[in-house]
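Visitor: Just dropping this structure here.
The values are calculated or read from the model by the stated rules, or taken from the named source; none is laboratory data. Computed from a prediction, not measured in an experiment: that's the story for all the values here. FYI the Cβ positions are ideal-geometry reconstructions off the backbone, even for glycines, and counts take in every protein chain you see.
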Amino acid sequence: MIVRFWGVRGSSPTPLAPEEMRDKIASIIQRIQVSDLQNAESRQMFLSKLPPELFGALGGNTACVEVLTKGGTTLVFDVGTGLRELEKEVKKFRKKITEYHIFLSHFHYDHLLGLPYFGAMYDSRMKITFYSPFPNLEKNLAEFMKVPYHPVGWDSFAADIDFHVLRKGEVVQLGESEIRWIKRNHPNGCVSYKVSEEDHSFIYSTDTELKEQDFQRTDANLSYFQGADAIVLDTQYTLGEAIEKYNWGHSSYSLAVEFVREFNIRKLYLFHHDPMNADSVMEGILQSAQRLDARLEHRDGKSLDIDLAREGHTFEL
């Protein structure tokens, strides 16, 4: 399967502020030496050595993660503003997608904001299936589109739309891929999804406040988390912020590191970045997470592979 991030921020869209862009440019200029400008090769070498907080950006769109299965099925996890970036990619490269399977974690604004502007919804040739264990799935989406909050209602969509309310313990089978789900701790409820095919698995667990019971090695936890290849996990807070904002429904990077180690998950992507944190702050959080992991003893003697979820980043399992 191929996984790609289209939206990685939490709570609200976060455009790159002009002053932050100016600071990035100023910092880059200060690093330039005459030798860096001699030719195209030297310029490229200079750019390649810049730290990630200067050369590039995490992105400011809210949650949207795409999974392309081995069988060519397109899965979309949440439809925040990152959904429009997915659509741009499809149009730019003229990809022929006729069907989307959209799995919703919950119905908070930041996870729905891209849906009213998703062109596929207005295309009668498209087949779109929404999945959620919440029984009011269709009603919640229709309410989100009502006037005066949006100029047109749900009935303006022309696509062939279906709603699949997931039953407790239900496993969705799409070709060779299986999608499972479990509940997570978050105000008004939230769910995590796990995609498995052959010997590989990927877990999407946004808006998750990790609790003591999540670390228990129960049959349910072991079955869902143990040995997964990669997890996208809510790490909006530092530990101090998580304590201060207890029961707000988000986790700290430190708890995430301990959780992933507990279940021997191979790759951790820090996700749902706080909209108040600049790229430089997020890179500092990544380094703190990596240092924490380095101080902890691993059962297998290996360090975790930890990174920030970054818009446009793609990886394959």
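Visitor: Just give me the residues in segment 191-200 being touching a residue at least 24 places away in the same chain (Cβ under 8 Å) and either acidic (Asp, Glu) or surrounded by 23 or more Cβ atoms within 10 Å (Cβ to Cβ) (or both), in sequence order. Walk me through it before giving the result.
Guide: First pass over segment 191-200, keeping only residues touching a residue at least 24 places away in the same chain (Cβ under 8 Å): 191-195, 197-198, 200.
Passing the criteria: Val191, Ser192, Tyr193, Val195, Glu197, Glu198.
Visitor: Of the residues that make up segment 55-73, is at least one touching a residue at least 24 places away in the same chain (Cβ under 8 Å), surrounded by fewer than 19 Cβ atoms within 10 Å (Cβ to Cβ) and basic (Lys, Arg)?
Guide: yes
Visitor: Given (1) surrounded by 12 or more Cβ atoms within 10 Å (Cβ to Cβ); (2) at pLDDT below 95, identify the lone condition not met by Tyr131.
Guide: So Tyr131 meets the others, but not (2).
Visitor: Against the definition (at pLDDT below 90 and either under 25 Å from Val65 (Cα atoms) or not assigned by TED's automatic domain parsing to the domain that holds Val191 (or both)), how does Ala230 come out, yes or no? Spell out the reasoning first.
Guide: Values: at pLDDT below 90: no; either under 25 Å from Val65 (Cα atoms) or not assigned by TED's automatic domain parsing to the domain that holds Val191 (or both): yes.
So Ala230 fails the test.
Visitor: Continuing with this model, one more query. Just to be sure I understand, how many residues within segment 65-108 are part of a loop (DSSP other than H, G, I, E, B), more than 22 Å from Gly175 (Cα to Cα) and in contact with a Gly (Cβ under 7 Å, 6 or more places away or on another chain)?
Guide: Residues in segment 65-108 being part of a loop (DSSP other than H, G, I, E, B), more than 22 Å from Gly175 (Cα to Cα) and in contact with a Gly (Cβ under 7 Å, 6 or more places away or on another chain): 4 in total.
Visitor: Looking at segment 126-165, which of its residues are β-branched (Val, Ile, Thr) and either in a loop (DSSP other than H, G, I, E, B) or out of contact with any helix residue (DSSP H, G or I) (no Cβ under 7 Å at 6 or more places or on another chain) (or both)?
Guide: Here is the first cut: in segment 126-165, the residues β-branched (Val, Ile, Thr) are 128-129, 147, 152, 161, 165.
If the condition is that a residue be β-branched (Val, Ile, Thr) and either in a loop (DSSP other than H, G, I, E, B) or out of contact with any helix residue (DSSP H, G or I) (no Cβ under 7 Å at 6 or more places or on another chain) (or both), then Thr129, Val147, Val152, Ile161 are the ones that fit.
Visitor: Right, another one. Could you check segment 167-218 and list, in sequence order, the residues that are basic (Lys, Arg) and within 30 Å of Glu244 (Cβ to Cβ)?
Guide: At the first step, the residues of segment 167-218 found to be basic (Lys, Arg) are 167-168, 180, 183-184, 194, 211, 217.
Within segment 167-218, Lys183, Arg184, Lys211, Arg217 qualify.
Visitor: Do we have any residue at all in segment 6-26 that's of a type in the set (Val, Ile, Thr), buried (at least 16 other Cβ atoms within 10 Å of the Cβ), in the same structural domain as Ser192 (by TED's automatic domain parsing) and not in a loop (DSSP other than H, G, I, E, B)?
Guide: No; the residues of segment 6-26 include none that is of a type in the set (Val, Ile, Thr), buried (at least 16 other Cβ atoms within 10 Å of the Cβ), in the same structural domain as Ser192 (by TED's automatic domain parsing) and not in a loop (DSSP other than H, G, I, E, B).
Visitor: Within segment 1-29, can you find the residues that are within 19 Å of His108 (Cα to Cα) and β-branched (Val, Ile, Thr)?
Guide: Val8, Thr14
Visitor: Separate question: In the list Asp155, Asp214, which residue meets the criterion of being crowded, with 18+ Cβ neighbours inside 10 Å and more than 29 Å from Gly72 (Cβ to Cβ)?
Guide: Numbers: Asp155 fails: crowded, with 18+ Cβ neighbours inside 10 Å.
Checking each option against the conditions leaves just Asp214.
Visitor: Here's another thing I want to ask about it. Within segment 289-317, which residues are over 17 Å from the mean Cα position of the chain (by Cα) and surrounded by 15 or more Cβ atoms within 10 Å (Cβ to Cβ)? First the steps, then the outcome.
Guide: Quick first cut of segment 289-317, residues over 17 Å from the mean Cα position of the chain (by Cα) only: 289-304.
Matches in segment 289-317: Ala289, Gln290, Leu292, Asp293, Leu304.
Visitor: A follow-up question, please. Looking at segment 78-95, I want the residues that are in the same structural domain as Tyr117 (by TED's automatic domain parsing) and have a partner that is assigned to a helix (DSSP H, G or I) and of a type in the set (A, V, I, L, M, F, W, C) with Cβ atoms under 9 Å, at least 6 apart or on another chain. Which pairs are those?
Guide: Val79/Leu115; Gly80/Leu115; Leu83/Leu115; Glu87/Ala120; Val90/Ala120
Visitor: Any residue in segment 23-50 that's of a type in the set (Ser, Thr, Tyr): show its pairings with residues that are at pLDDT below 90 and assigned to a loop (DSSP other than H, G, I, E, B) at Cβ separation under 7 Å, as long as the two are six or more apart or on different chains.
Guide: Ser27/Leu54
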